[in-house]
Every structure is written in structure tokens, then in C-alpha cells.
Protein chains: 2
Amino acid sequence: MHSRSTPGRTRWPRRAAALFFTLLASTALADPEDAPSKVPVPLAAWQDTDAKKAIIDFVAKVTRDGSGDFVPPAERIAVFDNDGTLWPENPMPFQLAFALDELKRRLPEEPEWKDDPTVQAALAGNLPALLADHYKGLFRIIELTGSGMTTVEFADRVRAWFATAKHPRFDRPYDQLAYQPMLELLAYLRAYGFKAFLVSGGGADFMRVFSERVYGVPPEQVIGSNARTVYELRETGPVLVKTMDALFIDDKAGKPVAIHQFIGRRPIACFGNSDGDKEMLEYTTIDNPRPSLGLLLRHTDADREYACDAKPKSSGKLVEALADAPQRGWIVVDMERDWAEVFAD
Amino acid sequence: MHSRSTPGRTRWPRRAAALFFTLLASTALADPEDAPSKVPVPLAAWQDTDAKKAIIDFVAKVTRDGSGDFVPPAERIAVFDNDGTLWPENPMPFQLAFALDELKRRLPEEPEWKDDPTVQAALAGNLPALLADHYKGLFRIIELTGSGMTTVEFADRVRAWFATAKHPRFDRPYDQLAYQPMLELLAYLRAYGFKAFLVSGGGADFMRVFSERVYGVPPEQVIGSNARTVYELRETGPVLVKTMDALFIDDKAGKPVAIHQFIGRRPIACFGNSDGDKEMLEYTTIDNPRPSLGLLLRHTDADREYACDAKPKSSGKLVEALADAPQRGWIVVDMERDWAEVFAD
């Protein structure tokens, strides 16, 4: 991967950074107001631009005990979109790549799929056909590859896919494409007592396979699109069978709905990259009785990642939320300008 | 409240107990395998019977590093039913008492309720009528008192009710009726790195008003019956309006379904009191790859609380789960025999 180190900037080896965060965490918990001034700034993959400064200032403000802006640790809820915010969503969301690969893998054992136009469109890589008519084809593919099996069977399939599939452009496993600056941001917020949740249009059962390992976000902090399961006590033990009933799409106005359903209080920090994140940015930042931070990541870097804000290949369109950013006070991160690195080496 | 102290048993003042738990927590995290043997047992409101011993043995086993039964802290998920397990559900679940009081309070401003037979049955205290026909009347009452307003307005109403309403028999505010032994158990598990979730038939929006203050369980660890909200960006800021759409009843087979939806992994400890908890006890304890603990609380104490297992006045029937307990290895707690105290003084 390309790297654009600022001259003179100290780059910490990953192990040292982990140790640093552990120490910082103890310090922060014991005496939060001292931490920001005593220790160097650990967001090493971020350029020293306004975006980074705004993040650091916000965290310092809400963790400084005794100030009117202080937010108790229990209320330090941060929500992160996943696709396009924590890792790429180009040329298509990784879960869609999984679903297409699953169709291919299972095709020999599902002969009736040969006559299914949606399956054929998917196998031909015809994304527009899948996304037409309110994503009707996409949901059919998700139904075929993500329901009718137990939650454990589904997780096993996802795990097997991550172990072998590679991203077509970057030629590395999909779960090694998390953005380094965002991994640092997750760790930084955790060190200051924040609890980070994923709030993503992706399926919760898909994300939970990797969220803890890749992001340090445990399954109970993963909110995604979901549908009801059915409980069965089988000879082999209890199982939950995946269905498409009561399907909930965790996108746009669904995001604040899901945040309330799963978290039950308003976040104070929200990180997104597309119009699908507009409502959760609003819910986090407008008339929040607590200080709050909203951040939009722009994909502006064709060299190291993609430049595709307004015209993405599949999902992730960013137009409306970007237009609202100035009046809402949302921080706009320009990947090309504000990130020293995109992916970990 | 009545108290049955065991002669010679040390009763710790509450402040000392809190300090003790704080110290224990640091010890447990630093060196979990030493904690159980070095410190006295803190479940003071429990009699020294088999039930208490089984809990302590289980916690010691799964937190002893290096043993084959060790469970990493991230997987120490404990789920608790609320009504009847953490506080009484007699003469009716407290949320139903709230709903009936709400009907009375709002009656003057809702003239059409005078002709509504369900409202009249509720105001007359005719519980059987509300529970007939698959709880049809009850849902109507919940709809009238728990939808059509914002989540913030609902929480304010619940808060106001807890501040004034009193339990008809115990003559104290409902939120001062948490069982002392269960509060100690919650604190004990927390000290050993467990994360406790409420998994209750009660409404999540109702429970979240008191769960953190009463049980130390933050809103994001409260799973309850729920329905979709609708997001609106109003002049005054973003709101979520409560509806009855996609109503989910978090009871019986719904409990493991909700546990998967909200937590995404199997609990290793489960605490309930009725047939409504049978499936989540199964999901926790049958063929779990981790060691697990299931516990059923029997209401056997007419003197200090209620004796009503098989024939409760409203909800909380316990017959099937109790019959299954021996073959499943679930611990059966007999309130009269196993609890030295029921309520805090």
C-alpha cells in the first residue's frame, strides 16, 4: 500500500502503540483530565490537519472532569458506519461479494438456480439489475445466501469466505482492508472510555464474524440489517434458523431507529461516509443535550483508494449529507488530504 | 421488610460492600484465579445452601485462568429475566400497573375512552378480561399508553410514575423492590468480569428508565419487548415516535431470538423464574461449548413475598421449566429456603 508519511512524524510500531493505549486507558480512567496534555497524540495515520485537531479537541473536552462539557463514561457512545467508513465499499460492499461467491459455490447443488433470472444477473455481475426496483434482486440474493440455515452455519460460511476470498484491486483478504486511521480512532476513543458500536446497512450476522477480531468491537455492539430467526430445540441442541421475516434495513432513517432499539440513548459521536448516514448524524448532533461530534469521510483518493463520493459504483453515494455538513457543523474528512496512510502495511 | 439473618453471619453495610466489590474487581481483573480463595464470599443475603454454593463454584470455575473451563471475559455473558426474577411480578407486572395508572391519569383528556370496553375492563381491574384471547386487551392498553408519543415523552411519563406510585402490598415505590440477593448477584458477576443483560417480556423503553439506576445495567444491555419507532426531524430536533409496528414479544421462544439479535453470542449464565424463561435457559445450557449455569427462582415465600409458582395472579407461571430443571441441571432457588433476605431494608 502507498504511504504518505509527514516528514519528522513519529511512526509507532504497532506493538508499542498497543502498549501505549493500554497505559493510556489506565491513566484515562484514573485521571481523565490529565491524559490529553501529558501524552503524545496517537492518531499517527492522520495528517496534522483540522480534522484530526477537531477529533482530539472534542475528546479532550468531553473527558475533562469538572468542565460543563464533561460526559460521564457511560454516556460516551460512538456509532460508526462500516462500509465506506471503516473499510472500502468499492467496487461493491464486501457482503455482496460474499453473496455472489456463495451463489457460485452452491450453484452445483441448487439446480433450480439455473432458471432464476436474479441468480443469473448476479452471476453475470450485473449490479444495476440487482439494485433496480428498490434493491429487489439484491434482497433475493441475500435471501438465497443468508436464510434457511442456522446462525452458526451462516457464520461458518462467512468465516470460510474471509479465509480465502481476496479483494479484486488490493489483492488481499477483505478483512485486512480496514482503514488504519479508523482503527487508530477506534482505539483512541476506547482509551478515553468511549463504547463504539457499528451501525451499518450490512447484515449483523455477517459483521459479527469479524467485528471483534478486526475492530475490537464485540458482537453485542454490532447493529446491522437483520431479520427474525426461529428458535428450535433439535436433537443436537438449540439452534436459531435465519429467515427474512420482519426484515429491517439499517440504513438512512432506519439508523436512528436501530440506535434507539439497541442502545437506548443518543450517541455523542457519529462517523459515516454516505447519505445513508445522514439521519444518524442528525440524531447524534442536532439539539443533543450533550456535546457531540459528527464526521463524514469523503472518498477523494483515487490513487490509494477510490474517488467516488457522488457517483459510487454500487452503494455509498454522498451528496445530501455533504451539502448539510457546514450548517450542521459536521467535520468533513478528505481522505487524500487528511490521511497519512489508508491501509496498514 | 422481614429479615432472616443466619446467626453468626456477617452482614456488610452497603457502602463497605460497594468498596469491597471495587477492590474485588481490580483483583479479579489482574489475577482472576486468586480472587475466589482469598476473599470472603459476598452474597450476604443468600443462605449458605446448595444454590449459593453452585453459583460460587460456577463463577470460580469459569474465571480460573489456565483451567479448561476458563471463559474469556468477553464471553462472560449473563442474561436475567426481570419480572419475577429481579423484582416481584405480583399482583401484576409493574409495567401493567403503570399502564393502568396511565389510563386513569389520561382519562379526562381522552373522552372516547369512556366507550372503549377494553379501557373499561382495565379501569375496573379486570385482569382476566385483558389477558383473554392471547392478551388482546393487554396489547390494546399498551398501545394506548405506550405508542403515539416520542421515546423521550414516554420515558418522562414512566419516570414520573416511579416517583409517585407505590406497590399495593409493600407500600414503597416500585423501584425499591428489587430483590437484595439478586442485586448482590449482579454485583458479584460484574466483579468477575461478567456483562449482565436484562432479557424480559417487559418493554425495553420501560425498563431502560430504571435499569441503570436500580440494577447497574446500562440501556444498551436491556433487551425487552419492542416495536419500531419512526424517525422525524422536527423544528425542535430529531425525535423517535413510538408505534406498535413490527411488535416483538420478548418471551418464551422469543428470548433466544432476541438474545441472538441483540447480543450475537450464547450466554453462559441465565436466570429466570417462569415458563417464559424456559427457552433461554435451554439456549444457555444445552450443548453449550462453554460451561454454563441455569437458575430458576421459585416463589415459595408467602410471608416475605409470594408463594405462587404454578398459579400466579397474572404472569409468571412456573410448571414446565421446573419439570425440566432436574434433567437440564438447572439450579432451583427456593426463595423461602435459600434467601436470608428478600428486599433491602
- Query: In the Gaussian network model of chain A, springs joining C-alpha atoms below 10 Å, which of A:Lys53, A:Lys252, A:Lys317 carries the largest mean-square fluctuation?
  - Reply: A:Lys53
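Counting other C-beta atoms within 10 Å, which of B:Phe170, A:Phe194 has the fewest, and how do the rest follow? Before the final figure, lay out the partial values.
Numbers: B:Phe170 15, A:Phe194 23.
In order of increasing Cβ crowding within 10 Å: B:Phe170, A:Phe194.
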- Message: Measuring nothing but label to label, 7 Å from Cα along Cα→Cβ, what are B:Gly66's distances to the other copies in nm, shortest first?
- Response: 4.4
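If you take every DSSP beta bridge whose two residues both sit in chain B, what share of them, in percent to the nearest 5, is antiparallel?
Values: 13 of 32 bridges.
About 40 percent, rounded to the nearest 5.
Below 8 Å, C-alpha to C-alpha, sequence gap of six or more: please give me the relative contact order for chain B in percent.
Numbers: 560 pairs, mean separation 82.1, N = 345.
In percent, rounded to a whole number, it is 24.
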- Dmax and Rg, reported as Rg then Dmax, of the protein assembly as shown (C-alpha, Å): 26.2, 78
- Query: Per-residue HN-Hα couplings for region B:218-223, Karplus 6.51 cos²θ - 1.76 cosθ + 1.60 at θ = phi - 60°, whole Hz, x for Gly and Pro?
  - Reply: x, x, 6, 10, 10, 10
- Item | Positive-end residue, the protein assembly as shown charge dipole about Cα centroid, Cβ charges, pick of A:Ile55, A:Ala122, B:Tyr179 | A:Ile55
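Which three semi-axes in whole Å describe the equivalent ellipsoid of region B:94-164, each the square root of 5 times a Cα gyration tensor eigenvalue, listed largest first?
Details: eigenvalues 78, 36, 27 Å².
Working through the eigenvalues yields semi-axes of 20, 14, 12 Å.
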- How large is the charge dipole for region B:233-312, taken about the Cα centre, if only the Cβ atoms of Lys, Arg (+1) and Asp, Glu (-1) carry charge, to the nearest 20 debye? 260 debye
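Computed FRET efficiency, Cβ-Cβ of A:Asp50 and B:Ala124, R0 56 Å: what is it to the nearest 0.05?
On the way: r = 65 Å, r/R0 = 1.16.
The computed FRET efficiency comes out at 0.30.
Can you tell me the FRET efficiency between A:Glu110 and A:Arg328 if r is taken as the Cβ-Cβ distance and R0 is 35 Å, rounded to the nearest 0.05? Each step should come with its number before you reach the end.
Working: r = 47 Å, r/R0 = 1.35.
For R0 = 35 Å, the calculated efficiency reads 0.15.
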- Message: Rounded to whole Å, give me the distance from the Cα center of region B:41-90 to that of region B:255-296.
- Response: 13 Å
- Item | Positive-end residue of A:Leu138, A:Val214, A:Gly84, charge dipole of chain A with Cβ unit charges | A:Val214
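Using a simple charge model, +1 on the beta-carbon of Lys and Arg, -1 on the beta-carbon of Asp and Glu, nothing else, what dipole does chain B show about its Cα centre, in debye to the nearest 20?
Values: 42 positive and 50 negative charges, 128 e Å.
The dipole magnitude comes to about 620 debye.
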- Message: Which of B:Pro88, B:Pro218, B:Pro238 ends up with the largest GNM mean-square fluctuation for chain B, with Cα atoms connected below 10 Å?
- Response: B:Pro238
- For A:Val152, which inter-copy label distances result when the label point lies 7 Å beyond Cα on the Cα-to-Cβ vector, reported in nm to one decimal and in ascending order? 4.5
- Task: Determine the dipole magnitude for the protein assembly as shown: charges of +1 sit on the beta-carbon of Lys and Arg, -1 on that of Asp and Glu, nothing else is charged, the reference point is the Cα centre, and the result goes in debye to the nearest 20.
- Result: 1180 debye
- Query: Spin-label point model (7 Å from Cα, Cβ direction): what's the A:Asp171 to B:Asp133 distance in nm?
  - Reply: 6.9 nm
- Item | Neighbour-count order for B:Asp115, B:Asp83, A:Asp175, fewest beta carbons within 10 angstrom listed first | B:Asp115, A:Asp175, B:Asp83
- Mind listing the long-range amide H neighbours of B:Tyr179? Cut-off is under 5 Å, sequence gap 5 or more, other chains count too, H placed in the peptide plane at 1.01 Å from N. B:Trp87
- For the rotation taking chain A to chain B, the chain A residue with the nearest C-beta to the axis, plus the distance in whole Å, reads A:Ala246, 3
- Value of [θ]222 nm, deg cm²/dmol, for chain A, DSSP H segments ≥ 4, -39500 (n - 2.57) each, nearest 500: -11500 deg cm²/dmol
- Task: Note the distances from A:Lys53 to each other copy's matching label point, with points 7 Å along the Cα-to-beta-carbon direction, in nm, sorted shortest first.
- Result: 6.7
- Exposure proxy check: B:Tyr188, B:Tyr179, A:Tyr283 ranked by fewest other beta carbons within 10 Å? B:Tyr188, B:Tyr179, A:Tyr283
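Read-outs: derived from the displayed coordinates by stated rules, not from any lab. What you see is a predicted model; the values in this text were computed from it and never measured. Cβ sites come from the backbone with ideal geometry, for glycine too, and all protein chains shown count toward neighbours.
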